[in-house]
Amino acid sequence: MDLAVEARGLVKKFDAVTAVAGVDLQINKGEIFGLVGPDGAGKTTTLRLLSTALEQTAGEAFVLGLNVRNQEEAIRDRIGYMPQRFSLYGDLTVAENIDFFADIYGVPKGAERQQQADRLLAFTGMLQFTQRRAAKLSGGMYKKLALACMLIHTPEVLFLDEPTLGVDPISRREFWRILYGLKDVTIIVSTPYMDEAERCNRIGLIREGKMLAVDTPDAVKRSVRAKTLEEAFINIVETGRTPG
Ligand SMILES: Nc1ncnc2c1ncn2[C@@H]1O[C@H](COP(=O)(O)OP(=O)(O)OP(=O)(O)O)[C@@H](O)[C@H]1O
Ligand SMILES: [Mg+2]
């Protein structure tokens, strides 16, 4: 199987706090994988380790077969990482923000780059807002622009940390429609929303830095005889019941 992400015994400690406590994970190319868990579960730390923003305390992780420990540059060229508190440049317009990120990612200036920008703006429904300042966008549009900025260098793996937090349900559905429309991208997304977890091909339930269950949403529900994912998560997290 062609893996986009692989982690073995991944650990991250911050002094006394063990944020990630030995995570094993295999994510296939082309999957939408959801990282689901309560506040402080270790979702952000896991995403930061995988996207080479942080160095692990122990264990191994590979992205597209590249080692996060010593192949950071090669990994960064091929991934997009939207942090939890991602911010665009409010004074720059939609088009200028995309241009800015294209520069950061070293996308050569020219017709091809412009085509990719236009394609992303059309795809995200932002074409008519190219001259609007980012600070003036609605919450949902702001997130769509952030996504477009993450896609300008055509990454193969996209790490999205709670990308729709605080966005209304309609805009969240729209955001997911866009994610589904992306081709040839593996998406690892953390979310506090159960309806979004349901939309993932597979999910990993994380708590206290440990992966409690990794499977399709349906299989996770079945494993603890729950009707909804929410019920399944409460069963697994609060009663400490492990699936199987
Ligand atoms: N830079 C840091 N220094 C010290 N402790 C940290 C640091 N980053 C995270 N932690 C701790 O590690 C644990 C996991 O945090 P993390 O941010 O990964 O959780 P999370 O699942 O993303 O939570 P949330 O849903 O609130 O975003 C928490 O106890 C947190 O306080
Ligand atoms: Mg977080």
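The values are calculated or read from the model by the stated rules, or taken from the named source; none is laboratory data. Keep in mind it's a predicted model, so treat the numbers as computed, not measured. Backbone-built Cβ (ideal geometry, glycine too); neighbour counts: all protein chains shown.
Below are the figures for this structure:
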read-out: Test: Tyr81 is within 16 Å of ligand 2 (Cβ to nearest atom) and closer than 30 Å to Gln128 by Cα; value: yes
read-out: Selected residue (criterion: nearest to Phe100 (Cα to Cα)) from residues of segment 151-181 that are modelled with pLDDT of 90 or more and part of a loop (DSSP other than H, G, I, E, B); value: Ile152
read-out: Test for Leu64: is it aliphatic (A, V, I, L, M), more than 14 Å from ligand 2 (Cβ to nearest atom) and farther than 30 Å from Gly166 by Cβ; value: yes
read-out: Wholly within segment 1-117, strands (runs of 3 or more DSSP E) carrying at least 1 residues that are within 16 Å of ligand 1 (Cβ to nearest atom) and surrounded by fewer than 18 Cβ atoms within 10 Å (Cβ to Cβ); value: 3-14, 17-28, 58-63
read-out: Number of the exception - Gly106 against (1) among the small types (Gly, Ala, Ser); (2) more than 18 Å from Val189 (Cβ to Cβ); (3) at pLDDT 95 or above; value: (3)
read-out: Inter-residue pairs, beta-carbon under 8 Å, first in contact (Cβ under 8 Å) with a residue 12 or more places away in the chain and more than 18 Å from Trp176 (Cβ to Cβ) and in segment 24-45, second β-branched (Val, Ile, Thr) and surrounded by fewer than 21 Cβ atoms within 10 Å (Cβ to Cβ), 6+ apart; value: Leu25/Val214; Gly37/Val237; Pro38/Val237
read-out: Restricting segment 159-208 to residues that are small (Gly, Ala, Ser) and within 16 Å of ligand 2 (Cβ to nearest atom), the residue that is farthest from Ile79 (Cα to Cα); value: Gly166
read-out: When residues of segment 188-208 are limited to those that are part of a strand (DSSP E or B) and among the hydrophobic types (A, V, I, L, M, F, W, C), the one surrounded by the most Cβ atoms within 10 Å (Cβ to Cβ); value: Ile203
read-out: Positions within segment 155-187 being surrounded by 12 or more Cβ atoms within 10 Å (Cβ to Cβ) and among the small types (Gly, Ala, Ser), in sequence order; value: Ser171
